[in-house]
Amino acid sequence: MDSGSAVDIISTLSDFLLVLIISNLSFKEALSTSRLSTRWRHICRETRNISFREDEIVTFADDSVARYYQRAALVAYMVGWVNNFTGGVVESFELRLSNSYAFEEGVTTLIEFAVSKNVKHLFLDLSEPRWVTNNDAAQLEPGLIKLPESFYKITSLVTLKLFGCRFEPSRLAKPGLVKTMFFRWIRLEMLSALIAKTPLLEILNIKNCWEIGLDAITGYNDRLMKLVFKYCSFSAQQTTLDVPNIQIFKYFGKVYHFEFASANKLMEEAYLDYREESRYNVSAGAIISGFLYSMLSAKTFTICPYVLQLIQECEDPVRLKAPMETRQLVLKTNFEPNEFVGIRFMLNSSPYLETLSFQMVGPRPIEEMVPQIDPEAYWGQNTSHECLKKTLKKVEVWSFYGGTHELRVLEYLIRYGRMLERVDLYQPIGLDDIQLLPIRAAADRVGEFEARSENLVVTFY
């Protein structure tokens, strides 16, 4: 069949089928079909998936005045496009526009358009590229665009993603169909009131938000499978989580108390990163211990240096009161002596561990640090762990430098790892050949350590 015949066949299809076809294209590709013919010019205005992304439409000038006029022309184009929209229901609507403060009327028109078309998947990103912390956005909050009244009456939402706008969670009247919510750069007071109205919620991702009013997630949200908090501040002292079907839980930020009323016994992943903390807080030991115990079933577990340091403040700094189901353990570490108790604690608590990954991270000074221990004496103890005897097959070190403390830990693992098959050492990125010479020499030393396993292979990448 020649290309002309193919075009003829497509031209015989009904407008309904053509709309279905272009709705499976990216919005940029859908718009390009308008050049095919007069008929296609109208068809593209019926696509069910609309995406206005400034980075795909405009290349901004360096001059601030010129950028303002470019952005004004962009907003006018978008408003004109939706005003000439001839389709029916809109499945998805995406708007990404920075420096939107001066164009609130146009942005409001776009949001109201999406609402009027019973949009199912809504993504509004009105944030600024220059924002780094939630304080950057919070200081500008009075100038952020406020969501229109019509937005709070929408009943069709399945996915809601809001970045960098003013939103009142408790006012969203009927979010009963929502399965995914992602918030960033937003004040989230009374979030609990919104969560309580979303029984189908499966994914909740919150990043760089402030004044989060979340006292609890109850069993009413028993479909929740993924929960992520990243660099946020909370208005509550603690949050109770009744999440019997949670698969993934990740937390990044300062120490915060999550009280788990229930958690899935078949979790896939847990991630705990307190690297925003700068002070050694003895009382945080109990919070960390409780978190680890609640996440016993996680098959993959990632923890940060701060957790490794604070583990010695747990009620029992030797092991958790029940064994972890973890198969892959990722320890972000500096291999400092004040992390050694934590490393051994995690080994002792993970009798089914198969892969142990060390990821070297930059040191962060912690005030009021506890006294360090003697590395040689600590790892010279004739103490093994269940995972070293029966299950641990692979050890990885990312950004391997071959420091004294790294070598102590690796020597211990190789000496007692009966089932160990691989030790993979990955060189740091960005070093020249001269800088890599001592690192390669250290890797060679690792290959010469006395190994308990006859099948061990040490590889330097």
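The values are calculated or read from the model by the stated rules, or taken from the named source; none is laboratory data. On a predicted model such as this, the values are computed, not experimentally measured, just so you know. Glycine also receives a Cβ, built like all others from the backbone with ideal geometry; neighbour counts cover every protein chain displayed. Side chains included, ligands, DNA and RNA excluded: accessible areas come from the protein's heavy atoms. Shrake-Rupley method; radii C 1.70, N 1.55, O 1.52, S 1.80 Å.
Restricting attention to region 147-167, report how many residues are crowded, with 16+ Cβ neighbours inside 10 Å and either of a type in the set (Lys, Arg) or free of Cβ contacts under 8 Å to residues at least 24 places away in the same chain (or both). Number of matching residues: 3. So is residue 276 surrounded by fewer than 17 Cβ atoms within 10 Å (Cβ to Cβ) and touching a Ser or Thr at 6+ places or on another chain (Cβ under 8 Å) or not? It is false that residue 276 is surrounded by fewer than 17 Cβ atoms within 10 Å (Cβ to Cβ) and touching a Ser or Thr at 6+ places or on another chain (Cβ under 8 Å). Among the residues of region 136-146, the ones that are under 25 Å from the mean Cα position of the chain (by Cα) and either in contact (Cβ under 8 Å) with a residue 24 or more places away in the chain or open to solvent by less than 10 Å² (accessible area, probe 1.4 Å) (or both) come to 4 in all. Restricting region 417-441 to residues that are hydrophobic (A, V, I, L, M, F, W, C) and farther than 20 Å from residue 387 by Cα leaves a set whose member that is most open to solvent (accessible area, probe 1.4 Å) is 429. Taken together, the residues in region 417-451 that are of a type outside the set (Lys, Arg) and in a loop (DSSP other than H, G, I, E, B) amount to 14.
Scan region 55-82 for residues that are under 31 Å from the mean Cα position of the chain (by Cα), at pLDDT below 90 and of a type outside the set (Ser, Thr, Tyr) and report the count. Residues in region 55-82 being under 31 Å from the mean Cα position of the chain (by Cα), at pLDDT below 90 and of a type outside the set (Ser, Thr, Tyr): 5 in total. Cβ separations smaller than 6 Å between residues 6+ apart or across chains give the following pairs from region 229-245 residues that are under 14 Å from residue 295 (Cα atoms) to residues that are open to solvent by 60 Å² or more (accessible area, probe 1.4 Å) and at pLDDT below 95: 242/218; 242/261; 244/222; 245/222. A Cβ distance below 8 Å, combined with a sequence gap of six or more or placement on separate chains, defines the contacts here; from region 291-317, residues that are among the basic types (Lys, Arg) reach residues that are open to solvent by 30 Å² or more (accessible area, probe 1.4 Å) in the pairs 299/268; 299/269; 299/325; 299/327; 299/328.
Per this entry, residue 414 is counted among residues that are surrounded by 18 or more Cβ atoms within 10 Å (Cβ to Cβ) and either of a type outside the set (S, T, N, Q) or assigned to a loop (DSSP other than H, G, I, E, B) (or both).
Being surrounded by 16 or more Cβ atoms within 10 Å (Cβ to Cβ) and not in a loop (DSSP other than H, G, I, E, B) is the filter here; which residues of region 171-184 pass it? Passing the criteria: 180, 181, 182, 183, 184.
Among the criteria (1) closer than 25 Å to residue 336 by Cβ; (2) charged (D, E, K, R); (3) out of contact with any helix residue (DSSP H, G or I) (no Cβ under 8 Å at 6 or more places or on another chain); (4) open to solvent by less than 90 Å² (accessible area, probe 1.4 Å), the one residue 444 does not fulfil is (4).
Condition first: open to solvent by 10 Å² or more (accessible area, probe 1.4 Å) and either within 24 Å of the chain's Cα centre (by Cα) or in contact (Cβ under 8 Å) with a residue 40 or more places away in the chain (or both). Now tell me which residues in region 338-363 satisfy that. Selection gives 344, 351, 354, 355, 359, 360, 361, 362, 363. Determine whether region 93-108 contains at least one residue that is open to solvent by 20 Å² or more (accessible area, probe 1.4 Å) and among the aromatic types (Phe, Trp, Tyr). Within region 93-108 (the criterion being open to solvent by 20 Å² or more (accessible area, probe 1.4 Å) and among the aromatic types (Phe, Trp, Tyr)), the answer is yes, since at least one residue qualifies.
Starting from residues that are more than 26 Å from the chain's Cα centre (by Cα) and farther than 19 Å from residue 399 by Cβ, keep the ones in region 319-336 and report whichever is modelled with the highest pLDDT. Full working, then the answer.
Looking only at region 319-336, we keep the residues that are more than 26 Å from the chain's Cα centre (by Cα), and these are 319-323, 336.
Subset that is farther than 19 Å from residue 399 by Cβ: 319-323.
Values: 319: 79, 320: 84, 321: 84, 322: 89, 323: 92.
Here the answer is 323.
Filtering region 295-316 to residues that are open to solvent by less than 30 Å² (accessible area, probe 1.4 Å) and touching a strand residue (DSSP E or B) at 6+ places or on another chain (Cβ under 7 Å) leaves 295, 298, 301, 302, 303, 304, 305, 307, 308. Within the span defined as region 326-337, one or more residues are crowded, with 21+ Cβ neighbours inside 10 Å and at positive phi.
Do the conditions hold for residue 391, that is, is it open to solvent by 20 Å² or more (accessible area, probe 1.4 Å), touching a residue at least 40 places away in the same chain (Cβ under 8 Å) and either within 32 Å of the chain's Cα centre (by Cα) or on the phi < 0 side of the Ramachandran plot (or both)? For residue 391, the condition - open to solvent by 20 Å² or more (accessible area, probe 1.4 Å), touching a residue at least 40 places away in the same chain (Cβ under 8 Å) and either within 32 Å of the chain's Cα centre (by Cα) or on the phi < 0 side of the Ramachandran plot (or both) - is met.
Does residue 128 satisfy the criteria of being surrounded by fewer than 18 Cβ atoms within 10 Å (Cβ to Cβ), of a type outside the set (Val, Ile, Thr), modelled with pLDDT of 90 or more and part of a helix (DSSP H, G or I)? When the stated conditions are applied, residue 128 does not pass them.
Just to be sure before I move on: is residue 399 open to solvent by less than 60 Å² (accessible area, probe 1.4 Å), within 31 Å of the chain's Cα centre (by Cα) and of a type in the set (Gly, Ala, Ser) in the structure I sent?
On the way: open to solvent by less than 60 Å² (accessible area, probe 1.4 Å): yes; within 31 Å of the chain's Cα centre (by Cα): yes; of a type in the set (Gly, Ala, Ser): yes.
Spelling it out, residue 399 is indeed open to solvent by less than 60 Å² (accessible area, probe 1.4 Å), within 31 Å of the chain's Cα centre (by Cα) and of a type in the set (Gly, Ala, Ser).
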